[in-house]
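> Before I ask anything, let me first share the structure, which is written out below as C-alpha cells.
Just so it is clear, none of the values below were taken in a lab; they were calculated from the coordinates. Nothing here was measured: the structure is a model prediction, and the numbers come from that model. No Cβ is skipped: glycine too gets one built from the backbone with ideal geometry, and neighbour counts run over all protein chains shown.
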C-alpha cells in the first residue's frame with residue numbers, strides 16, 4: 001500500500017511542478033470557463049437579447065384619417081425603451097435626427113446593415129397610411145433583402161435585412177411577428193377584421209417553467225473537459241515518457257507490482273480531478289453565481305464514472321502508441337472531436353447527421369448529459385441505461401485492449 005501511495009504522490013508532485021502541465025490541468029479549464037461565461041453567460045436572461053435596427057418614416061405628411069406610419073414608429077420607439085430597470089430593450093433604435101436628409105439616412109443605415117452593425121432597417125414609405133386606408137393591400141407589408149434589385153410597390157413598408165446573418169434573420173422574424181400584430185390592429189381600425197371569425201387559440205404550458213442559465217449549463221461541461229484533457233494527456237504521458245526514459249524498468253526491480261503502480265497512478269489522477277472540480281465549482285459559485293449543487297450522490301457518481309472512463313482512454317492511448325510523441329499526437333487527434341462533439345459547451349441537437357453519429361458514439365456525450373440531468377440542468381434525450389452503459393462499454397474496451405497491448409519496456 002505504501003508503494004501505491006508513493007506512486008500517487010510522485011505523480012501529483014510531477015503534475016504540479018511542471019508549468020506546462022499546471023497550465024493545461026488547472027489554468028486552461030479556468031480560462032475556458034471564464035471566457036465562455038463572460039461571452040455567452042447572458043444568454044437566456046430576460047432583457048439581454050438586443051438588436052440594433054434603423055427606422056425611417058417617410059409618411060410624415062399623410063392625409064389619411066389614420067396615421068398608420070406614425071403608429072408603427074411609436075410602437076418601435078416603445079420597444080426601444082427599457083421596460084425593466086437595468087435591462088436592455090428588445091431593440092436599439094436608430095432614427096434620423098431633425099432636419100436630416102432621409103434618403104441619406106437610409107443609405108447610411110443600409111451600409112451599416114451590410115457591415116453587420118445593424119440587424120435590420122425598416123423603411124415606412126410616403127403614402128403608406130393612405131394605401132392602408134384605401135385598402136389596396138390589406139396586409140401592407142413585405143420584406144426585401146438590401147441586395148435585391150426588385151423595387152417594392154409604392155406605399156409598401158419594407159424590412160431590409162442581411163441574408164446569411166443569423167442576428168439579422170432572427171431580428172427580421174421578430175419584426176415580422178410584431179408587424180403581424182400591427183396588421184391585425186389596422187384591420188380592426190378599418191373595420192375589416194371579424195373577431196368572431198378568428199381562429200380560437202390559447203397557450204398552455206406543459207411542465208414547470210424554469211430558466212437555465214448558461215453558467216449552470218457550462219460548469220458541468222468544463223469540469224468534464226478538465227477531467228478529459230488531464231487524463232487524455234496525463235496518463236499516456238506518465239506511462240510513455242517513463243517507459244521511453246527507462247524509468248519503469250527501475251520500478252519493476254522493486255517489490256512494486258504493475259497493478260499497484262496503475263492503482264497509484266489512478267489515485268493521483270483522481271486527486272488531480274478533485275482539485276480541478278473544487279476550483280471550478282468555487283469559481284462558478286462565487287465568481288459567476290452558479291446555482292447548481294454537486295453535493296449529492298448522483299452527481300458525485302457521474303463525476304467518478306467520468307474520471308474512470310477518461311483514465312481508461314488514457315491507458316488505451318498508452319497501449320497503442322509506440323513512443324511518447326506518438327501518444328501525444330493520438331491524444332491531440334482525439335481531443336478536439338470528442339470534446340466539441342459532445343455538448344460540453346453548447347447543445348449539439350442541431351448538428352448534421354454525419355456529425356451526430358460521432359456524438360452518439362462519443363462517451364463524453366453520455367457523461368455530460370448524465371451529469372447535467374443529475375444536477376437538474378436538462379432533461380436529457382438518452383435513457384439511463386445508455387447514459388451509464390456506453391461509458392462502461394468504453395471502459396471495458398479500453399482496459400481490454402490495454403491489458404493485451406500495453407508494453408512496459410522499450411523495444412530493444
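> May I ask you to sort 356, 188 by Cβ crowding, counting other Cβ atoms within 10 Å and putting the fewest first? All intermediate terms of the calculation are to be shown ahead of the outcome.
Numbers: 356 15, 188 12.
The most exposed by this proxy come first: 188, 356.
> By average Cβ neighbour count within 10 Å, what is the ranking of 264-272, 103-111 from highest down? Provide the component values of the computation, followed by the final result.
Numbers: 264-272: 21.1, 103-111: 15.8.
In decreasing order of mean packing, 264-272, 103-111 become 264-272, 103-111.
> Please give the peptides 117-127, 299-309 ranked by average Cβ packing (other Cβ atoms within 10 Å per residue), highest first, as a rough proxy for protection. Mind dumping the intermediate values first?
On the way: 117-127: 21.8, 299-309: 20.2.
The densest-packed peptide leads the list: 117-127, 299-309.
> Could I ask something else about it? Which order results if 216, 74 are arranged by neighbouring Cβ count within 10 Å, fewest first?
Details: 216 21, 74 12.
With the sparsest Cβ surroundings first, the list reads 74, 216.
> Using the number of other C-beta atoms within 10 angstrom as an exposure proxy, rank 384, 10, 37 with the fewest first.
The order, fewest Cβ neighbours first, is 384, 10, 37.
> Now for a separate question. Counting residues in the stretch 248-332 as N, plug N into 2.2 N^0.38 Å and put the Cα Rg over that result. Spell out each step's value before the answer.
Details: Rg = 16.9 Å, N = 85, 2.2 N^0.38 = 11.9 Å.
Taking N as the residue count of the stretch 248-332, the ratio is 1.42.
> May I pose another question? Just subtract the alpha-carbon distance of residue 61 and residue 286 from 0.36 nm times their residue separation and send over the number in nm, one decimal. Write down the numbers at each step before the final one.
Values: separation 225, 0.36 × 225 = 81.00 nm, distance 5.72 nm.
Answer, rounded to one decimal: 75.3 nm.
> Output the Kirkwood hydrodynamic radius of the stretch 268-387, Cα pairs only, in Å rounded to one decimal. Working shown, then result.
On the way: mean 1/r = 0.0629 Å⁻¹.
That comes to 15.9 Å for the stretch 268-387.
> Same structure again: Just how many % of Cα pairs in the stretch 351-412 lie over 13 Å apart, if you round to the nearest whole percent? Before the final figure, lay out the partial values.
Numbers: 1306 of 1891 pairs.
Percent of Cα pairs beyond 13 Å in the stretch 351-412: 69.
> Next question. Could you calculate the FRET efficiency of residue 23 with residue 115 from 1/(1 + (r/R0)^6), where r is the beta carbon distance between them and R0 is 45 Å, rounded to 0.05? Working shown, then result.
Details: r = 38 Å, r/R0 = 0.84.
Given R0 = 45 Å and the Cβ-Cβ separation, E is 0.75.
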